[in-house]
1. Ordered by packing density, taken as the mean number of other Cβ atoms within 10 Å over each peptide's residues, highest first, how do 133-140, 174-181 rank?
2. Using only Cα atoms, locate the centre of segment 194-254 and the centre of segment 105-179, then give the distance between them in Å, rounded to an integer.
3. What's the ranking of 61-73, 224-236 by average number of surrounding C-beta atoms within 10 Å, highest first?
4. Which of the peptides 211-222, 78-89 is most tightly packed, and how do the rest follow, going by the mean number of other Cβ atoms within 10 Å of each residue?
Amino acid sequence: MVKIQFLKSQIPVRKIINRFKMWDLVFGIFPSIFVKIKYQILEDKAKHQGLRNQLVSILEQKGITDKNVLAAIKKIPRHLFLNSSFEAYAYQDKAFPIGAGQTISQPYTVAFQSQLLEVKKEHKILEIGTGSGYQTAVLCSMGAKVYSVERQNELFKKTSNLFPKLNIRPKHLSFGDGYKGLPSYAPFDSIIVTAGAPFIPQPLMSQLKIGGRLVIPLGEEVQIMTLLIRKNETQFEKHEFGEFRFVPLLEDKN
Ligand code: SAH
């Protein structure tokens, strides 16, 4: 067998070749896969913009009229909030799994809830259920100062890491129980709950400004989209907007 000198030790040629293959992997293929995973998924291409324009037309056909909501949906790259294996479906009007047994809301639902909030620039909005962060991003894009609470630590961490990469800057992200709201940041111009609530949590009502709007899907199996408008210290006006389906707003932390 041919042997060559390799750093004092005698190593067979075959072993050296194997060693090169290994370093090839370490310095060549692995980094390029890593770079692809890290950067390619954050690409927003012309084809995505085209799909978003189509999605916005669908939402208009379904009755969404708020120009600011439609502009935000046209702008926010929803495919970057989904697991990359679902990228092909990102601009369908459907909910999808985002891990931890949770879902990213259907675009129509996001648009419908955002429209009910009547968002104005600089509005201070509390969101319960950060999830993928897509709804948060839509509200930020509309110029709102968004405070968002998520009870699943895994999603809280994942989404907190994603926002800066997309240059989306919510005012405050919190890991905790949305039933309690965020008393230290109250009162809010509006509050949006993005999970199905069995009842209206009292703290959320009391953290709303007078004239403020609380949008909350109410119910267990299916939910009725409900809007409360705070009239004064003690009175709220209630409006209902038909059935939607959400994952449940859970009370106890895992
Ligand atoms: N707005 C999200 C919707 C995610 S689904 C999006 O656009 O992707 C609802 C989210 O509410 C889930 O992430 C779930 O973990 C969270 N959630 C459920 N119960 C909660 C609670 N008590 N407090 C805060 N978040 C809660």
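1. Sorting 133-140, 174-181 by mean packing, highest first, produces 133-140, 174-181.
2. Spelled out, the Cα-based centre of one part sits 16 Å from the other.
3. By packing density, highest mean first, the sequence is 61-73, 224-236.
4. Result, highest mean first: 211-222, 78-89.
Computed from the coordinates by the stated procedures, all read-outs in this text should not be read as laboratory data. Computed from a predicted model, the values in this text were never measured in an experiment. Positions of Cβ are backbone-derived with ideal geometry, glycine not excepted, and every protein chain shown enters the neighbour counts.
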